[in-house]
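Here's the structure, in structure tokens; my notes come after.
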Amino acid sequence: MSSKGRGRITPLLVLCLISASVLMVPTVLLVGASSQVIHVPSQYPTIELAVTAANPGDTILVAGGIYNESIVIDKGLNLTGVSGYRTVINATGSGHAAITVLNTLDVVIQGFTIIDHDLFNNTLTIAGSSHVTVSGNRMTASMESNGTYVYESSDVTIMANTFTGNLYGVAVQGGFSNLVEANNSTGNVAGLAVFGSQADKVTDNVFRHGSFGLRLLGSSGNIIARNVIANNSFAGTYLENSTGNRVLENSVDFNNAVSTTYGLYLSSSTNNRIYYNNVRNNSIQIYAVFTPADITKNIWNDSSLANPKGNFWSDYKGTDADGDGVGDTNLPHPCSTGGRPCSYNGPPGVDYWPLMAPYVPPSLQVSVSASIDVGLPPLQVSFTGLVSGGVSPYSYVWDLGDGARAVQQNVTHTYPSLGSFIATLTVNDTLGTVQSDLVTISVLAGSLTVYVYGPGRQPLVHANVTSLGQPAGQTSLSGATDSRGSVSFDLLHPGNYTIRASNTGYSSNTTVVNVSLNRTLITQLTLSRPSSPGGPSASYIAEIGLSVAAVAVAVAALLAYRWKSKKSSLAQSGNPIGPGQSSSP
């Protein structure tokens, strides 16, 4: 190539360079490295700076002290305080949650006192994340905010924490397969609330001194077991629009602040199995508010074929004629004739097998676990049963939740379709002692939550969200956004979805997302105002203006470059260009 050819830069090449610079996105290559321990404040003065500097898999060890900051975790980390009493994160006045775990996995948060007294700011928010463990913390927000808010997440474990002075000690919204275990949630408006979530397990907690102990709204396939739900002013356990849950071995006691305080409260909730609970000394032991189905279409015993057993009611005055520990008269309790105290006008129903004495777990101990082979349905699950106490040998019966049964101690089962299931292992010892344990199984491809915004990130209510394309076998998606501008879709097949959002008075917008197995994906779409008839929108005009300006600057630079090159060339040839002279390319 000649020197003349090497020196030419055409306007077309300039435009190509501009386009390339606009489209270029930095690519980050993550290279594996051993995990590090980062110390706060000796290495970094704030936790947020340490989180920013950390690599996935690192541990951040925080010394005792008060840290007035808010923290966002968007990578897998172990965040550990040296003492739940001496290591304090106080986000009051920050305008944000004290800790936000956002769109990530493999996070551990333990050993802190976490405070955020601002209105509507949670102490801890977990959104769009999986495999998060929160343990050994003390959390206080405000009566308008939550201690821990788990939003559209899965496999989150909230264990051995203390919550007080919050709206909800723990709130779980959407998502599936979360565990809330061994927490003390006392002195909140509600100890725990589960909204529209599936296959969660809530066990061995204390929910006391709130308006509600525990609330389930629009949730299914959950296990509520062995909790103390006491001294609440409106209701101990409150189920609304919730089906297919197991409520067992709980102590629902002394919810009797006023004459209308309820122990168990059901509203439009059916097909729940409620048994082995001790329901004692509540102002109204059980109340089903709306439909007769709240009474007749729930199961109030353990469903044993040989000798069913129900719940213990402190106000049951019947007798046990055959001495088997189950009442035989004044049945069903507590509404043998219908109407009050179970409802205004419902039919007779509830417990036909009331226990004569409070339920006490037997010495025979059963614990079950499940290992899911990750893949597409049909999904293979390996179940393991651990048994101790009692007198061996034992006999085993598995109810796998989809109609299948097995009689081995350990079993492998294939679930052919999507859904949430509760698997139960019931064990009998030689003396006839019976005990069981349950585990939730989520055969879910994943979930998708879409946020729709207008100009200025204003949430758009009642915006239409639909799928224009979806994986084979998946029905098309259609929904409307709520007051926060969001809509969620669960039980989705994995693969690519083309999502469109539209709303009256706005131009629609489309994006392509990939939904994967047992994960929740959060995406957002922004809608702009349409342009006037026959003309482009203001935003489009602005974008074109910026592009034209960029091209103009580039062309000016090109002309200056060429002028300088030409002038230099003519100077070397002894024929400089003077005023009023011109040259051609």
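What's the extension gain from residue 405 to residue 102 if we count 0.36 nm per residue and subtract their Cα-Cα distance?
Working it through step by step, the gained length comes to 105.1 nm.
For residue 356 and residue 94 in the same chain, what is the full-extension length gain: residue separation times 0.36 nm, less their Cα-Cα distance, in nm?
The residue 356-residue 94 span can extend by a further 88.9 nm.
Go ahead and collect, in residue order, the members of the stretch 500-529 whose backbone nitrogen is under 13 Å from a label point 7 Å along the Cα-Cβ direction of residue 457.
Within reach of a label on residue 457: 524-526.
Simple spin-label model, 7 Å along Cα-to-Cβ: residue 526 to residue 281 in nm?
The modelled label-to-label distance comes out at 5.8 nm.
From the convex hull of the Cα coordinates of the stretch 251-361, what is the mean projected area in square nanometres?
The orientation-averaged projected area of the Cα hull of the stretch 251-361 comes to 6.6 nm².
Grab the Cα-Cα distance for residue 289 and residue 133, subtract it from 0.36 nm times how many residues apart they are, and report the gain in nm with one decimal.
So the chain would gain 52.5 nm between residue 289 and residue 133.
Ranking 317, 297, 201 by Cβ neighbours within 10 Å, fewest first, what do you get?
Going from least to most buried by this count: 317, 297, 201.
Convex hull over the Cα atoms of the stretch 365-443, averaged projected area in nm²?
Hull-based average projected area comes out at 4.6 nm².
Read the figures in this text as sums done on the coordinates, not as results from a lab. Quick caveat, the model's predicted, so the values are computed rather than measured. Positions of Cβ are backbone-derived with ideal geometry, glycine not excepted, and every protein chain shown enters the neighbour counts.
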